[in-house]
Structures are given as C-alpha cells and as structure tokens.
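This report refers to the structure that appears directly beneath it.
The values are calculated or read from the model by the stated rules, or taken from the named source; none is laboratory data. None of these values were measured; they are calculated from a predicted model. Every residue, glycine among them, receives a Cβ derived from its backbone with ideal geometry; neighbour counts consider all protein chains shown. Side chains included, ligands, DNA and RNA excluded: accessible areas come from the protein's heavy atoms. Shrake-Rupley method; radii C 1.70, N 1.55, O 1.52, S 1.80 Å.
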Amino acid sequence: MMVIMSSATPTAPEREDFALRLLKGSAKKSYEPVVDIDWDAPLPEGLYFLPPHMLSLYGTPLWERMTDQQRLELSRQEFANYISMGIWFENMLNQSLLRAMMHSSPTSHSTFYELTELGDEARHMLMFGKAIERVGVEPFWPTKRGARRVNAMAMIFRGPMLWIGALVGEELFDAVQRQILDDGDDIQPLVRRVMRIHVTEEARHIQFARDGIRRDVGTLSRRTRLALSNLHGLGASLYFGHFTRRGLYDRIGLDGAEAQRQARANPHFHATLRAGFEPLEAFLREVGLMGPVARRMWAKNHFL
Ligand SMILES: [Fe+2]
Ligand SMILES: [Fe+2]
C-alpha cells in the first residue's frame, strides 16, 4: 500500500496563535481599493502629491531655481516612483510566499495568514497601478534585465531571509508613508487615502515578519546568522539609487545628471532617509541582525 506522507514542516504553536490573531484583525479591517477609493474624485489643483520637504531636491540650489509648477511635478513623479517600486517589491514578495507555501502545511493558521497577506499585496498592486494611472504619469518600470533580477530575487528568498527581505521592503515604505500622513492636509486626498489603506494593512504584515524573525533567529547557525545580518545591506544602494533615478528629473525638464547629483548630496533628503530607516534599524539591532558590513552599506547610502 502506498502511504502519502506530508513533507510539510509543522509550525510552532505560538506562531499559529500569532497568525490567528492577525487573521482576525484582517477580517475586521481590510480594504477593497477598487470600491473603497473614489477614483473619479478630482485632483485639487496646486496640491502636492508628496510633502515638499520630503522630495529629493528639496532645499538644493536647483530647488531654489525651480518654478512652483516644476516642484509640484516633481512631487507627482516621486509619488509614482515610490508606488512603482512598491508594485515590483510586492510582486517579488508574493512570488516568494507562494513558493515557500509548497513546503508548509496548507491547513495551518500561518499559511492562512500568508494567503491573506498575498491577497492584501495583490490589492495593493492594483491600488498602486490605478493611482499611477489616475495621477496621469507613466510608471517607473524596471528594464528587462531589472525585471529578471526581481524574479531571480524571488527565488532566493525563503525562511528567515524571506522575512528580512519583507521587512526591508515594508518597514522603510511604512515609515515614509507615516511621515507623509503626519504631514497634515496639504497633500492630495487621493495620496492620503492610498497611504492610509496601505499603512493599515502593512502594520499586520510587519508584525508577522518581525514575529517570524524573532522566532527563527535563535535557531540559526553562526554562518547563516552572519550572512543574514549583512546581506540586507544590499537594499541600501537599491533604494538610494531608485529614489534618485534620473528619469524623475528628466521628466520634468531638468538637467537629469545635475539634478541627480544634487539630490544624492542633499542633506535634507538624507534626513528623510534616516527617519525612514530608523524603525527597521532599531529592530535589526534588537534581534542582533545588524552586521558591520550592512551597517557600512546603509551608512554609505545615507540611511544612517
Ligand atoms: Fe503592500
Ligand atoms: Fe506587505
């Protein structure tokens, strides 16, 4: 007689309880952006898409020479850039989650929560795509090679590495979005609505990833731990490079190379990056996963 054995790894009971709590939270408070956002509402004229002081060129000599219209356009492009990056990150995360799920029990609460997270991210990608379309710009999409790299990264993320990758993607965006929301009513209502929905649902994703790391970190071998605590530093140049990509400035008629140079050296922008990295840095330090190489990479790219 053939016996069909399950190769799924059982999940710790505490992880199951945690997942169940998040499942209940998701059932109570989740959004359906297609209907929960008024996509036909007008975009009030003169309102920025991101707070000016968070823009990459804010306070630079170039900024002083830019017209009001150019500053506003830069906020529109930078908003589209943030959420374009959000889409490809969430695509990568969802690919990784699905692959990992083939190795875990399909009946556990943690798998149920991962499926819920997957669904959240699918709706976020749709929400971001619709928002880019609504604000009337082209998305910032990776090149063919870049897209292949995103897909390749999805293949290597698993176990604690998956949760750290998730946090590097989610925590920084979350902190930036909270800064935007804290900034008052001076930005487009559509942007505030998108950020509010995202922050609410991401809070659960971040808790789930943090819990996964806290639970796994003690079981790692010295080598894995060393690798994990330094590999996340690769996120630093990825973020810094994309936040100051030339296309942002080319699109609004600036000298792209010069604008990029000023943005990259901009102390105001560096302060925004540091504030964005703060919660993640504190967490990585708390769990002992802030390695010296990673620290140097984050510092070199002005997140520390
Ligand atoms: Fe998301
Ligand atoms: Fe997420």
Of the residues that sit in region 126-185 and are exposed (fewer than 14 other Cβ atoms within 10 Å of the Cβ) and either touching a Leu at 6+ places or on another chain (Cβ under 6 Å) or of a type in the set (V, I, T) (or both), which one is modelled with the highest pLDDT? T143
Checked region 181-201 for anything under 22 Å from E170 (Cα atoms) and free of Cβ contacts under 8 Å to residues at least 60 places away in the same chain; matches are L181, D182, R192, M195, R196, V199
Regarding region 186-199, can at least one residue be identified that is at pLDDT below 90 and either under 18 Å from F49 (Cβ atoms) or more than 14 Å from ligand 2 (Cβ to nearest atom) (or both)? yes
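Among I132, I164, which is the only one that is within 15 Å of ligand 1 (Cβ to nearest atom) and β-branched (V, I, T)?
Only one candidate qualifies: I132.
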For region 17-34, the count of residues that are open to solvent by 30 Å² or more (accessible area, probe 1.4 Å) and part of a helix (DSSP H, G or I) equals 9
Which number in (1) more than 16 Å from ligand 1 (Cβ to nearest atom); (2) out of contact with any Pro (no Cβ under 8 Å at 6 or more places or on another chain); (3) farther than 24 Å from E133 by Cβ marks the one condition that L228 misses? (2)
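Yes or no, residue by residue, for (1) assigned to a helix (DSSP H, G or I); (2) open to solvent by 20 Å² or more (accessible area, probe 1.4 Å):
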| residue | (1), (2) |
| --- | --- |
| R192 | yes, yes |
| T224 | yes, yes |
| Y249 | yes, no |
| G253 | no, yes |
| A282 | yes, yes |
| R285 | yes, yes |
| H302 | no, yes |
Considering only residues of region 110-121 that are over 15 Å from D36 (Cβ atoms) and open to solvent by 20 Å² or more (accessible area, probe 1.4 Å), which is farthest from ligand 1 (Cβ to nearest atom)? F112
By residue number, the members of region 50-92 that are within 16 Å of ligand 2 (Cβ to nearest atom) and either on the phi > 0 side of the Ramachandran plot or in contact with a Leu (Cβ under 8 Å, 6 or more places away or on another chain) (or both) are Y82
Can you find a residue that is within 28 Å of A12 (Cα to Cα) and not β-branched (V, I, T) anywhere in region 178-197? no
Which pairs turn up if I take residues in region 109-129 that are more than 12 Å from ligand 2 (Cβ to nearest atom) and look for partners that are of a type in the set (V, I, T) and open to solvent by 30 Å² or more (accessible area, probe 1.4 Å) with beta carbon separation below 6 Å, at least 6 apart in sequence or on another chain? S110/T11
Given the conditions (1) within 16 Å of ligand 2 (Cβ to nearest atom); (2) touching a residue at least 24 places away in the same chain (Cβ under 8 Å), which single one is not true for L20? (1)
Checking R158, R149 in turn, the sole residue that is among the basic types (K, R) and free of Cβ contacts under 8 Å to residues at least 40 places away in the same chain turns out to be R149
Could you list, in sequence order, the residues of region 194-222 that are more than 16 Å from ligand 1 (Cβ to nearest atom) and either of a type outside the set (D, E) or open to solvent by 30 Å² or more (accessible area, probe 1.4 Å) (or both)? G212, I213, R214, R215, D216, V217, G218, T219, L220, S221, R222
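Report yes if R251 is over 22 Å from the mean Cα position of the chain (by Cα) and of a type outside the set (A, V, I, L, M), otherwise no.
Yes: the conditions hold for R251.
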